[in-house]
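Here, each number is a calculation from the coordinates, and none is a lab measurement. Small disclaimer: the values here were computed from a predicted structure and weren't measured. Neighbour counts are summed over all protein chains in view; Cβ atoms, including those assigned to glycine, are modelled from backbone coordinates with ideal geometry.
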Amino acid sequence: MTSLITQVEQDPPDPQGVLLDVRNLHVEFRTRDGVAKAVNGVDYTVSAGETLAVLGESGSGKSVTAQAIMGILDSPPGFVTQGEIVFQGQDLLTMGKEDRRRVRGERMAMIFQDALSSLNPVLSVGEQLGEMFTVHRGMSRKDAKVKAIELMERVRIPAAKQRVGDFPHQFSGGMRQRIMIAMAMALEPDLIIADEPTTALDVTVQAQVMELLAELQRELHMGLILITHDLGVVADVADKIAVMYAGRIVETSPVHEIYRKPAHPYTKGLLRSIPRLDQKGQELYAIKGLPPNLLHIPAGCAFNPRCPMAQDICRTDVPPLYEVSETRASACHFWTETIGE
Amino acid sequence: MSETTTHLTKEPAVAPDREPILSVRGLVKHFPLTQGILFRKQIGAVKAVDGVNFDLYRGETLGIVGESGCGKSTVARLLMNLETVTAGQVLYKGEDITKLSGKALKVVRRNIQMVFQDPYTSLNPRMTVGDIIGEPYEIHPEVAPKGDRRKAVEDLLDVVGLNPEYINRYPHQFSGGQRQRIGIARGLALRPEIIVADEPVSALDVSVQAQVVNLMGRLQDEFNLSYMFIAHDLSIVRHISDRVGVMYLGKIVEIGNDDEIYEHPTHPYTQALLSAVPVPDPDARDRRERIILVGDVPSPANPPSGCRFRTRCWKAQERCTLEEPLLAVPAVFRGLDSPAAHDSACHFAEEKQVVPTEE
């Protein structure tokens with residue numbers, strides 16, 4: 001299956017800019033019921049200052065890929081079975097544990113969806129923020145506290161000085177997510193992975209948080225991987241998109257092109273199935289069926305049972321990632337028809 | 001892709017002479033805040049719902065939107081009589097159901113059913129699908145006599161698009177979207193007139209969300225149902241609703257039909273809320289004006305005086321602190337034949353288009 005997946009060069013000509021290069025990544029979970037193939041040959045790159053949105057539904061492998069990059073995959077049952085994760089020229093997968101630990105937190109950091117369960121409830125936010133500096137920079141606790149207050153001000157938490165000793169539950173959801181962002185930013189990493197950073201937040205707060213994230217990213221010229229299922233958020237902030245389905249990337253594209261002319265039936269179906277604020281009630285297009293069970297991924301193209309265009313070849317041959325243009329690729333045998341319609 | 005999207009045959013805007021099937025008048029729910037262990041004394045109250053009025057007509061969908069903590073779910077629970085009201089009335093065909101109990105309440109409840117948000121926790125994992133959907137018949141045996149129940153449940157499964165053969169399966173054997181269909185089937189079992197749906201699709205994946213939304217639309221036409229559709233997702237609410245009410249801190253701040261609220265909002269909170277919704281169109285990035293509100297929603301235990309939105313509002317003036325704006329057609333628009341002339345609780349209401357129009 002993997003031999004069919006071709007490597008697509010989709011990078012800006014400047015190789016210096018490439019921060020992270022994920023190549024042919026495979027992750028599986030060995031469970032009691034069998035082997036769940038969560039990630040089946042994912043390739044993507046992120047450059048400094050660039051925002052890559054990884055779009056997919058639950059079970060598409062978007063978060064597992066991120067966990068593999070961060071090196072926080074639960075293992076067992078999760079195992080990286082193949083591939084490379086090249087970060088600033090070094091393969092993270094062959095690196096020693098200590099070295100990898102140094103990369104994590106300092107050079108790449110992650111923001112999680114649920115800030116309340118990602119923060120330690122029995123430590124004040126000041127201690128948790130300060131920990132970044134005592135552990136990685138060897139600072140004294142006193143200096144670390146000053147740094148923590150600075151960080152809280154930077155993510156615009158009002159009255160930071162007074163609130164540095166407060167505990168996570170004393171903050172609102174939006175404020176907690178700001179603290180998560182502050183923690184990720186603390187050591188000014190080169191890459192930030194944000195896994196559904198605003199999904200748990202209200203829209204007005206989501207707008208505040210996304211704006212803050214975009215601003216800090218510009219300021220620090222970081223690479224950002226934004227993992228989300230929200231096509232609206234993607235359209236607002238992403239430079240390029242990778243759409244995932246059943247552990248594979250089915251389409252990659254710069255953001256403007258994909259919304260105008262999707263090259264994969266799954267992307268196309270997703271775009272047509274979301275109700276829109278600027279459109280009145282018409283019956284929604286619904287992709288039929290359900291996402292596949294990862295223990296039994298359909299033969300051929302994993303999307304074929306739900307695809308309105310599926311032909312015999314789709315049920316037998318895994319489509320490679322076809323080059324659509326210099327910057328776009330689609331894993332559909334019939335991408336020309338899809339894009340042409 | 002040959003399947004084209006078809007226009008839903010939406011009921012025309014509500015005819016004024018129609019009798020509402022459900023009327024809510026001055027609805028108030030305060031949850032007491034107490035202190036002390038042995039001698040509990042009340043030190044205040046969380047004003048979750050603080051004076052809400054609206055009507056629901058037969059066959060229409062009323063959407064209620066608002067951020068978390070605005071009281072929208074409490075309104076749903078009050079309509080179901082799952083909480084006792086602090087003050088106010090819920091009139092079902094003219095009868096105040098908050099005063100009912102026992103047999104009379106049971107009769108009314110048959111006609112108002114609820115669909116919950118989380119299909120993972122709202123279905124009993126130890127009951128089969130057949131038992132879950134058939135359970136309402138235990139309480140209301142008159143709807144389906146014992147011998148007919150299995151058939152009735154199979155019919156319901158068919159109606160919501162599930163295979164009737166699944167009747168003996170357990171909830172964990174279904175996906176999220178399928179579970180929500182089971183929740184809907186249970187809501188339909190007693191052939192109610194009103195369904196109160198509290199965030200029914202929020203927990204579902206995008207591609208499955210569309211299936212459930214379409215199903216709800218189809219069932220509404222088929223059974224002439226009235227929906228109270230509570231959600232925080234403004235796009236879905238626009239899609240499904242005939243009228244929309246926007247809630248903030250226990251009050252409705254603006255209410256009107258789809259066009260009035262989305263194309264001609266006059267309340268600053270509605271405008272901010274709409275402008276914050278990400279639109280799946282990267283080309284709209286630069287065309288849109290974003291109103292980014294500062295701060296968080298104040299505590300409902302201690303809401304601001306006057307207009308409750310004033311602490312986050314960019315238009316707030318002294319008058320807003322002193323005088324609470326009432327939900328009515330604002331003076332500037334009164335008597336005008338314009339979509340801007342709808343109920344909006346703001347002293348300084350003005351029209352502002354915030355939803356990007358398609359080119």
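Close amide H partners of A:Met110, meaning residues 5 or more places away or on another chain with modelled amide H under 5 Å apart, are A:Ile193. For the stretch B:246-320, chymotrypsin sites (Phe, Trp or Tyr not before Pro) meeting the loop criterion (DSSP other than H, G, I, E, B) and having at most 12 other Cβ atoms within 10 Å: B:Trp314.
Note on chain A: Rg/Rh from Cα positions, Kirkwood definition for Rh, rounded to two decimals, is 0.98.
Only helices enter the 222 nm calculation for chain B: every DSSP H run of n ≥ 4 contributes -39,500 (n - 2.57), and dividing by all residues gives -8000 deg cm²/dmol, rounded to 500. By the rule of a second cysteine Cβ within less than 4.7 angstrom, chain B holds isolated cysteines at B:Cys70, B:Cys313, B:Cys346. Each Lys or Arg adds one and each Asp or Glu takes one away; over the other residues whose Cβ falls under 12 Å from the Cβ of A:Leu216, this sums to 0. Reported value for the protein assembly as shown: 187 Å³ per residue, from the convex hull of its C-alpha atoms.
For chain A, the mean residue ellipticity at 222 nm estimated from helices alone is -10000 deg cm²/dmol, where every DSSP H run of n ≥ 4 contributes -39500 (n - 2.57) and the total is divided by all residues, rounded to the nearest 500. Close amide H pairs (under 5 Å, H built 1.01 Å from N) link B:His30 with B:Thr86, residues at least 5 positions away or on another chain.
Neighbour counting of Cβ atoms within 10 Å sorts the residues B:Arg218, B:Arg287, fewest neighbours leading, into B:Arg287, B:Arg218. The angle between the Cα long axis of helix A:141-154 and the longest principal axis of the Cα atoms of chain A comes to about 50 degrees, rounded to the nearest 10.
Residues whose amide H lies under 5 Å from that of A:Asn40, counting only those 5 or more places away or on a different chain, are A:Val27, A:Arg248; hydrogens are built 1.01 Å from N in the peptide plane. For the stretch B:270-333, the equivalent ellipsoid derived from the Cα gyration tensor has semi-axes of 28, 16, 10 Å, listed largest first.
Note on B:194-207: average number of Cβ atoms from other chains within 10 Å of each residue's Cβ is 3. Cα extents for the stretch A:83-223 along the principal axes, largest to smallest and rounded to whole angstrom: 43, 37, 28.
Do me a favour and compute the ellipsoid semi-axes for chain B from its Cα gyration tensor, root of five times each eigenvalue, largest one first, whole Å.
On the way: eigenvalues 248, 138, 78 Å².
Result for chain B: semi-axes of 35, 26, 20 Å.
Identify the GluC sites (Glu not before Pro) of the stretch B:282-330 meeting these criteria: DSSP loop state and at most 11 other C-beta atoms within 10 Å of the C-beta. Listed in order of number, the matching sites are B:Glu289.
For B:Phe116, the shell of other residues with beta-carbons less than 12 Å away shows a net charge of 0, using +1 for Lys and Arg and -1 for Asp and Glu. Once the gyration tensor of the Cα atoms in the stretch B:109-198 is diagonalised, the equivalent ellipsoid follows with semi-axes of 18, 16, 11 Å, ordered largest first. For helix A:125-137, report the angle its Cα long axis makes with the longest principal axis of the Cα atoms of chain A; keep it between 0 and 90° and round to the nearest 10°. For helix A:125-137, the angle is close to 80 degrees. Peptide A:203-212 shows a mean partner chain C-beta count of 6 within 10 Å per residue C-beta. Sites listed here are chymotrypsin sites (Phe, Trp or Tyr not before Pro) in the stretch B:82-179 whose DSSP assignment is loop and whose Cβ has at most 14 other Cβ atoms within 10 Å: B:Tyr120. Remark: for residue pairs B:Lys251/B:Lys315; B:Lys47/B:Lys99; B:Lys72/B:Lys315, the C-alpha separation exceeds 28 Å in no case. The 3J(HN,Hα) values that the Karplus relation (6.51, -1.76, 1.60; θ = phi - 60°) gives for the stretch A:179-187 are, in residue order, 5, 4, 5, 4, 5, 5, 7, 2, 9 Hz. Gly and Pro appear as x.
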